[in-house]
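Visitor: Starting off with a structure, shown below.
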Amino acid sequence: MWVYEKKLQYPVRVSTCNPKLAKFLIEQYGGADGELAAALRYLNQRYSIPDKVIGLLTDIGTEEFAHLEMIATMVYKLIKDATPQQMKEAGLDPHYVNHDNAIFYQNAAGVPFTTSYIAAKGDPIADLYEDIAAEEKARATYQWIINMSDDPDLNDGLRFLREREIIHSQRFREAVEILKDERDKKQFY
């Protein structure tokens with residue numbers, strides 16, 4: 001059971017309407033290395049992971065949903081007052097035609113979210129290495145979006161999300177070591 005507080009994990013502010021920036025940011029909403037893919041990946045992997053680290057996948061998976069909510073808020077704030085012409089100039093005209101200013105699970109190129117983004121091998125160590133890679137790819141994407149952004153208010157939230165990716169990567173690395181230590185212990189029957 002979860003307790004849901006009706007507030008974002010970290011405050012989201014944007015300085016101005018900026019559909020071009022929203023187009024980049026939507027990558028973290030519905031892209032392969034985005035927050036939805038991460039949340040679903042980790043919560044799905046919980047079923048084949050040893051009990052010693054199952055709580056970690058639950059914790060991080062649910063936190064990724066909080067990040068998804070932040071990204072959705074950012075994207076919405078960046079496009080909610082955009083004119084159709086601004087959406088067109090940002091390359092979001094197909095999005096506008098299909099969704100107006102509604103948020104939709106797609107990547108920056110407009111490709112809809114697919115479950116093929118959700119990796120699960122069933123080998124706990126392989127899955128955790130996949131999770132480390134996913135967190136590092138998300139961290140890199142956040143950095144590249146920050147590099148493209150001229151919005152200091154938005155960048156504050158993006159830096160928060162980037163730092164959380166680093167923490168998650170570190171936690172998954174710790175989980176790998178726990179499972180390696182457990183695997184290498186002698187079994188007595």
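Visitor: For ARG13, enumerate residues with amide H under 5 Å from its amide H, sequence gap 5+ or separate chain, H modeled in the peptide plane.
Guide: GLY157
Visitor: Here's a follow-up. Compare VAL111, VAL53 by solvent-accessible area with a 1.4 Å probe and give them largest first, with all protein chains kept in place.
Guide: Order by accessible area, largest first: VAL111, VAL53.
Visitor: Calculated from DSSP H runs of 4 or more alone, at -39500 (n - 2.57) each and per residue, what is the 222 nm mean residue ellipticity of the chain, nearest 500?
Guide: On the way: 8 runs with 122 residues, N = 189.
Calculated from helices alone, the mean residue ellipticity at 222 nm is -21000 deg cm²/dmol.
Visitor: Whole number in Å², please: accessible area per residue of the range 94-189, 1.4 Å probe, ligands, DNA and RNA not counted.
Guide: For the range 94-189, the per-residue accessible area is 59 Å².
Visitor: Now for a different question. Taking the mean number of other Cβ atoms within 10 Å as a proxy for protection, how do you rank 142-148, 72-78 from highest to lowest?
Guide: On the way: 142-148: 15.4, 72-78: 21.6.
Final packing ranking: 72-78, 142-148.
Visitor: Another question about this same structure. Determine the dipole magnitude for the chain: charges of +1 sit on the beta-carbon of Lys and Arg, -1 on that of Asp and Glu, nothing else is charged, the reference point is the Cα centre, and the result goes in debye to the nearest 20.
Guide: On the way: 23 positive and 30 negative charges, 22 e Å.
The dipole magnitude comes to about 100 debye.
Visitor: State whether the range 100-189 is rounded, prolate or oblate according to the following rule on the C-alpha gyration tensor (a ≥ b ≥ c being the square roots of its eigenvalues): a/c under 1.5 gives rounded; otherwise a/b larger than b/c gives prolate, and the remaining case gives oblate. Write down the numbers at each step before the final one.
Guide: Values: a/c = 4.12, a/b = 1.90, b/c = 2.17.
Because a/c hits 1.5 or more and a/b fails to exceed b/c, the range 100-189 counts as oblate.
Visitor: Across the range 59-73, in residue order, what do the Karplus-derived ³J(HN,Hα) couplings come to in whole Hz, using 6.51 cos²θ - 1.76 cosθ + 1.60 with θ = phi - 60° and x for Gly and Pro?
Guide: Coupling constants for the range 59-73: 4, 6, x, 6, 5, 4, 5, 5, 5, 4, 5, 5, 4, 4, 5 Hz.
Visitor: What angle do you read, to the nearest 10 degrees and between 0 and 90, between the alpha-carbon axis of helix 35-45 and the longest principal axis of the chain?
Guide: Approximately 20 degrees, to the nearest 10.
Visitor: Something else about it: Short version: what are the Cα gyration tensor semi-axes of the range 19-103, square root of 5 times each eigenvalue, largest first, in whole Å?
Guide: Values: eigenvalues 222, 22, 13 Å².
For the range 19-103, the ellipsoid semi-axes come out as 33, 11, 8 Å.
Visitor: Arranged from highest to lowest average of other beta-carbon atoms within 10 Å per residue, in what order do the peptides 163-174, 94-105 appear? Present the calculation step by step, with values, prior to reporting the outcome.
Guide: Values: 163-174: 17.7, 94-105: 14.8.
Packing order, densest peptide first, comes out as 163-174, 94-105.
Visitor: Collect residues whose amide H, placed 1.01 Å from N in the peptide plane, falls under 5 Å from the amide H of GLN106; neighbours closer than 5 in sequence don't count.
Guide: Under 5 Å from the amide H of GLN106 lie the amide H atoms of GLY30, PHE113, each far enough along the sequence or on another chain.
Visitor: Here is a follow-up. When only Cα pairs under 8 Å and 6 or more residues apart are kept, what is the percent relative contact order across the chain? Provide the component values of the computation, followed by the final result.
Guide: Values: 249 pairs, mean separation 58.2, N = 189.
Relative contact order for the chain comes out at 31 percent.
Visitor: Got a number for carbon plus sulfur as a percent of the range 1-118's accessible area, 1.4 Å probe? Don't skip to the end; give the middle numbers.
Guide: On the way: 3380 of 6130 Å².
Looking at the range 1-118 in its full context, I get 55 percent from C and S.
Visitor: How large is ³J(HN,Hα), in whole Hz, for each residue of the range 83-97 in order, when computed from phi with the Karplus curve 6.51 cos²θ - 1.76 cosθ + 1.60 and θ = phi - 60°, using x for Gly and Pro?
Guide: 7, x, 5, 5, 4, 5, 5, 7, x, 9, 4, x, 4, 4, 4
The values are calculated or read from the model by the stated rules, or taken from the named source; none is laboratory data. Everything numeric in this text was worked out from a predicted model, so none of it was measured. Positions of Cβ are backbone-derived with ideal geometry, glycine not excepted, and every protein chain shown enters the neighbour counts. Please note that ligands, DNA and RNA were not included when accessible areas were found on the heavy atoms of the full protein model with its side chains. Shrake-Rupley method; radii C 1.70, N 1.55, O 1.52, S 1.80 Å.
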